[in-house]
Ligand SMILES: *Cc1c(COP(=O)(O)O)cnc(C)c1O
């Protein structure tokens, strides 16, 4: 480990504060380090491994596609890309899909679509995108501009202009700002992930959706983290019964390979023409073949199980010793401990449990099919540490 740690420190860009763990293998919700120590994984590669590490059905489809043709570029038709787009549209009521390779790219496409739609419809001065304070939309200069957290902005000025942030759950301010800026789009996460696992209120989401529709402003929902079954519905917006115009997703949709998608609804389906946007790797046949096996298994039974496990975790931590509060939706959960979240998460690693943090919270994003016994074991470890580590 120390050798690898040194090589990594010497040659890999210093952008990550890694945990002191070298993962060498894993299956489902159990990961193994270089010393053979096992961990219960409550992070699933940041909501990527929907069915856990190295899921067999996903792996088989990926290997089969690798054997057929791993990459073609978008100059040619390939089956997995077309079939995944069809499945995404059939499951959401959206009309067209653009594939990229990450969440940031999915959001870039969403922003471009909203801007082009609004500029064509309302004039070139209609370009402002409204997003929320404390949001997270990615690391490119444009998605950083969309991200409503100042500390991400400081080092990289000037960012893409035309983004305004309004407080979450404050519909009057959103409405006023959208009117004053002649908004070209409104973009939000249903549960702010990196921002601390904070769900938006149902009223706010519904009022915003009605307002956006009445004023012909494309509503973009960033489902990069909340999507693909994570919140107990296929996409988190479905919990609130709204129909967005544009949906970005990534993370879980690829089940472990880089894949992002921008889904376009009826209003904006014809905005992009040949040459308007593109990606060399986007819609890669291997990633899409894997994605098909993920999306097709996110069914009612799995979603009911996600909601059941979520209720179990909420029940376990609500009012528990050393726990101030618990937030989230489905298997996207934030626990605010009395003590520092990072100390508790580091102590959990020693006890064989891998969890994440978001702001001052312990963040849980387990595989959606994590077995109940492993979940129970990991919850017990975290509860004990919350009770013990108070400062
Ligand atoms: C992770 C995340 C992104 C960025 O995704 P990348 O694949 O890292 O580019 C964007 N939006 C949300 C809500 C995310 O959680």
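The values are calculated or read from the model by the stated rules, or taken from the named source; none is laboratory data. Bear in mind the structure is a predicted one, so any value in this text is a computation, not a measurement. Because the Cβ atoms are built from the backbone with ideal geometry, glycine has one as well, and the counts that use them run over all protein chains shown.
Computed values, structure above
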{"quantity": "Residue match in the stretch 11-19 (condition: in contact (Cβ under 8 Å) with a residue 60 or more places away in the chain and surrounded by 10 or more Cβ atoms within 10 Å (Cβ to Cβ))", "calculated": "yes"}
{"quantity": "Candidates 355, 348 - the one that is in contact with a helix residue (DSSP H, G or I) (Cβ under 7 Å, 6 or more places away or on another chain) and closer than 19 Å to residue 49 by Cα", "calculated": "355"}
{"quantity": "Condition met for residue 63 (touching a residue at least 40 places away in the same chain (Cβ under 8 Å) and not in a loop (DSSP other than H, G, I, E, B))", "calculated": "no"}
{"quantity": "Condition met for residue 81 (assigned to a helix (DSSP H, G or I), touching a helix residue (DSSP H, G or I) at 6+ places or on another chain (Cβ under 6 Å) and either in contact (Cβ under 8 Å) with a residue 24 or more places away in the chain or crowded, with 22+ Cβ neighbours inside 10 Å (or both))", "calculated": "yes"}
{"quantity": "Meets criteria (away from the ligand (no atom under 16 Å from the Cβ) and in a helix (DSSP H, G or I)) for residue 57", "calculated": "yes"}
{"quantity": "Single condition residue 74 does not satisfy, out of (1) in contact with a helix residue (DSSP H, G or I) (Cβ under 6 Å, 6 or more places away or on another chain); (2) not in a helix (DSSP H, G or I)", "calculated": "(1)"}
{"quantity": "Entirely in the stretch 106-189, the helices (runs of 4 or more DSSP H) that have 3 or more residues that are surrounded by fewer than 24 Cβ atoms within 10 Å (Cβ to Cβ), touching a residue at least 12 places away in the same chain (Cβ under 8 Å) and more than 16 Å from the ligand (Cβ to nearest atom)", "calculated": "171-181"}
{"quantity": "Exclusive hit being more than 30 Å from residue 333 (Cα to Cα), in contact with a helix residue (DSSP H, G or I) (Cβ under 7 Å, 6 or more places away or on another chain), surrounded by 12 or more Cβ atoms within 10 Å (Cβ to Cβ) and touching a residue at least 12 places away in the same chain (Cβ under 8 Å), set 40, 69", "calculated": "69"}
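Conditions tested, residue by residue: (1) within 16 Å of the ligand (Cβ to nearest atom); (2) outside any loop (DSSP other than H, G, I, E, B); (3) in contact with a helix residue (DSSP H, G or I) (Cβ under 8 Å, 6 or more places away or on another chain); (4) outside the structural domain of residue 375 (by TED's automatic domain parsing).
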residue	(1), (2), (3), (4)
21	no, no, yes, no
24	no, yes, no, no
32	no, yes, no, no
46	yes, yes, yes, no
